[in-house]
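Scroll down for the structure; my scribbles are underneath it.
The values are calculated or read from the model by the stated rules, or taken from the named source; none is laboratory data. The model shown is predicted, which means the values in this text are computed figures rather than measured ones. All Cβ positions, even for glycine, are placed from backbone atoms using ideal geometry, and neighbour counts span all protein chains on display. The accessibility values were calculated without ligands, DNA or RNA, using every heavy atom of the protein model including side chains. Shrake-Rupley method; radii C 1.70, N 1.55, O 1.52, S 1.80 Å.
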Amino acid sequence: MSTSVQIEESWKSILEDEFAQPYFAEIKSFLVEEKRKGKVIYPPGSLIFNAFNTTPFDKVKVVVLGQDPYHGPKQAMGLCFSVSRDVPAPPSLKNIFKELHLDLGIPIPSHGDLTYWAEQGVFLLNAMLTVERGKAGSHSKIGWQKFTNAVISILSEKRDGLIFLLWGKFAQSKISLIDQLKHHVLQSVHPSPFTGDAFFNNHHFSRTNELLLKQGQVPIDWRLPE
């Protein structure tokens, strides 16, 4: 099974045992069958492991935990909260950009592609890596959470000094997987418009960079290139 997963080599090695588990074979079988039935699955197959391919295991500095891929056309690209450059930023991402501006004075970006963050070590992980078009949460019980829980646990075990950004109750439910004696955890409400203004002024972006600097690491450049 592991040889058929197209994923960056460091992750492939670290997650070899997970790819060999029966549940992972069941995820693959489910997705193959859904596509055979003509169902549209997001993101495209080549982008399912985009977060892993863009941020190798040893390069991870910051972990942002999302829940579900976007389920609209052309939105999901395998990085949580991120959308392709030609797609308008969804409401939650707009609020993330607003907090960036409030926190660091960074102008609101003209697009929502967060690849530049991922390339610097911001691991943008959704708990579910696929979704059926137009059906939020449709793949929440096919085994992805077992896989991504294992990813979080392995990061916690094998790395030190990571900064986990847990936005909202779902992300915060993963805190038991994180060794808080080794890592930093910053929590707030979800950036969704439904949480009102409570996400703003959490200063997670500046606090993340302060923690990185204290550890002798290069801070994240949160600006997005045009």
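Surface exposure of the chain, expressed per residue as accessible area with a 1.4 Å probe, stands at 47 Å². Summary of packing: across the peptides 96-103, 11-18, the per-residue average of other C-beta atoms within 10 Å ranks them, highest first, as 96-103, 11-18. Over all pairs of different C-alpha atoms in segment 114-165, the reciprocal of the mean inverse distance, the Kirkwood hydrodynamic radius, equals 12.7 Å. Converting phi to 3J(HN,Hα) with the Karplus coefficients 6.51, -1.76 and 1.60 and the offset θ = phi - 60°, segment 93-104 yields 5, 4, 5, 4, 5, 5, 5, 4, 5, 5, 7, 10 Hz in sequence order, with x at every glycine or proline. Peptides 186-192, 52-58, 30-36, 83-89 ranked from most to least packed give 52-58, 186-192, 83-89, 30-36, packing being the mean of other C-beta atoms within 10 angstrom over each peptide's residues. Direction-averaged projected area, Cα convex hull, segment 1-157: 9.2 nm², rounded to one decimal.
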